[in-house]
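For reference, the structure discussed in these notes is given below.
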Amino acid sequence: MKNGRAVVLVVDDIALIRMGAVDLVQSAGYEALEAQDAHEAIRILESRDDIDLVFTDVQMPGTMDGIKLAHFIRNRWPPVQLIVASGRDILEESSLPTGSQYFSKPYNDHAITDAMARLLQSKNSG
């Protein structure tokens, strides 16, 4: 949390979708950071200690997709909350780290912001 505002890292390789998600995060009152792939997301997480939640797409170029990224984050930064979204994959909850939320695209903006609020509330009260 930075200056009392939660910090959300948005990870998506499609710039237009990433920008929309950043707008959604900001309109919900959170600070938004962005990364175009898992490796950039990890670099950002390594350089900052104030990231509260990562909102990632599943399909991304490179050696690490959003599911692998979510597991990597859960193992390395356990307090970081996770929201995973995909337009192609139908994920089973069991393939995601415990406590993460999954949404299929196109997602409902209110459902995402409600999930963010719930996850961030549980993080702050836990």
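The values are calculated or read from the model by the stated rules, or taken from the named source; none is laboratory data. Just so it is clear, the model here is predicted, and its values are computed rather than measured. Note that each Cβ is placed from the backbone with ideal geometry, even for glycine, and that neighbours are counted across all protein chains shown.
In region 85-118, of all residues being modelled with pLDDT of 95 or more and under 13 Å from the mean Cα position of the chain (by Cα), the one that is surrounded by the most Cβ atoms within 10 Å (Cβ to Cβ) corresponds to Met116. Among the residues of region 42-63, is any outside any loop (DSSP other than H, G, I, E, B), more than 15 Å from Val11 (Cα to Cα) and β-branched (Val, Ile, Thr)? No: region 42-63 contains no residue that is outside any loop (DSSP other than H, G, I, E, B), more than 15 Å from Val11 (Cα to Cα) and β-branched (Val, Ile, Thr). Checked against (1) in a loop (DSSP other than H, G, I, E, B); (2) under 27 Å from Gly4 (Cβ atoms); (3) among the basic types (Lys, Arg), Arg88 meets all criteria but (2). Just one of the listed residues (Asp49, Asp37, Asp57, Asp23) is in contact (Cβ under 8 Å) with a residue 12 or more places away in the chain, farther than 16 Å from Leu82 by Cβ and either surrounded by fewer than 16 Cβ atoms within 10 Å (Cβ to Cβ) or among the acidic types (Asp, Glu) (or both), and it is Asp37. In the set (1) modelled with pLDDT of 95 or more; (2) over 17 Å from Leu82 (Cα atoms); (3) touching a strand residue (DSSP E or B) at 6+ places or on another chain (Cβ under 8 Å), the condition left unmet by Lys2 is number (1).
Filtered by the rule that a residue be among the aliphatic types (A, V, I, L, M), without any contact (Cβ under 8 Å) to a residue 40 or more places away in the chain and in a helix (DSSP H, G or I), region 64-77 gives Ile67, Ala70, Ile73.
Suppose we keep only residues that are assigned to a strand (DSSP E or B) and under 13 Å from Val7 (Cα atoms) within region 30-41. Which one would you say is farthest from the chain's Cα centre (by Cα)?
So in region 30-41, the residues assigned to a strand (DSSP E or B) come out as 31-35.
If we keep only those that are under 13 Å from Val7 (Cα atoms) as well, we get 31-34.
Numbers: Glu31: 13, Ala32: 10, Leu33: 10, Glu34: 10 Å.
It comes out as Glu31.
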